[in-house]
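Here the structure comes first, spelled out in structure tokens, and everything after it is commentary.
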Amino acid sequence: MTKLLLSLHVLAALVAIGPVTVAASMFPATLRRVLGADADADADARTTLRTLHRICRVYAGIGIAVPLFGFATAGSLGVLGDAWLVTSILLTAAAAGILALLILPAQDRALTVTTEPSVASPTSLNPARLAMLTGIFNLLWAAVTVLMIIRPGSTTGA
């Protein structure tokens, strides 16, 4: 049962978190392109922004399966109290918080400003800040991945 849970945990991470990291990373550059274009010059970039945001939103929801399978796997392995796992849980919570509280709302604002210019001014957008937040989000996931592979101090052998 442990191998099945671990397989589902890894598959969920690959299928859900991978697309979010890629789409969120592409969003700021696409936003810069939209903000620098003429009003009607870059409709494709606006469509790309909407698509990237949709990918982030949908796959973030699917990503809830990652910690669920992770907790089940950890319980099966008996490592719920191990320091490497607790650290991974905290980093995962931080990444989820950055995505849910900072990145997705910033993407929503960017979509509103770029599709309805009368609502807000484009100067209120900061693609560099969004790129920084996305970079932090990606680094947190990279750290979690390394901890999951190396598992410092683990004696399970699994």
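Does anyone have the angle between helix 18-36 and the longest principal axis of the chain? Alpha-carbon axes, 0 to 90°, nearest 10? The helix 18-36 is inclined about 20 degrees to the chain. Counting only DSSP H runs of at least 4 residues, each contributing -39500 (n - 2.57), and dividing by the residue count of the chain, the helix-based mean residue ellipticity at 222 nm comes to -24500 deg cm²/dmol.
Below 8 Å, C-alpha to C-alpha, sequence gap of six or more: please give me the relative contact order for the chain in percent. 32 percent. Return one number: the angle in degrees, 0 to 90 and rounded to the nearest 10, between the long axis of the Cα atoms of helix 83-98 and the longest principal axis of the Cα atoms of the chain. On a 0 to 90 degree scale, this one is about 20. In the chain, the longest principal axis of the Cα atoms and the axis of helix 2-12 are about 10 degrees apart. (1) 95; (2) 202; (3) 120: which one is volume of the Cα convex hull per residue in Å³ as calculated from this entry? Of the labelled values, this structure produces (1). Roughly to the nearest percent, how much of the accessible area of the chain is carbon and sulfur, given a 1.4 Å probe? C and S atoms contribute 68 percent here. Among the trypsin sites (Lys or Arg not before Pro) found in the stretch 1-89, not one is both in a DSSP coil and sparsely packed, with 12 or fewer other Cβ atoms within 10 Å of its Cβ.
The values are calculated or read from the model by the stated rules, or taken from the named source; none is laboratory data. Everything quoted here is computed from the prediction, not taken from an experiment. Note that we place each Cβ from the backbone using ideal geometry, even for glycine, and neighbour counts take in every protein chain shown. We work out accessible area using only protein heavy atoms, side chains counted, and drop any ligands, DNA or RNA first. Shrake-Rupley method; radii C 1.70, N 1.55, O 1.52, S 1.80 Å.
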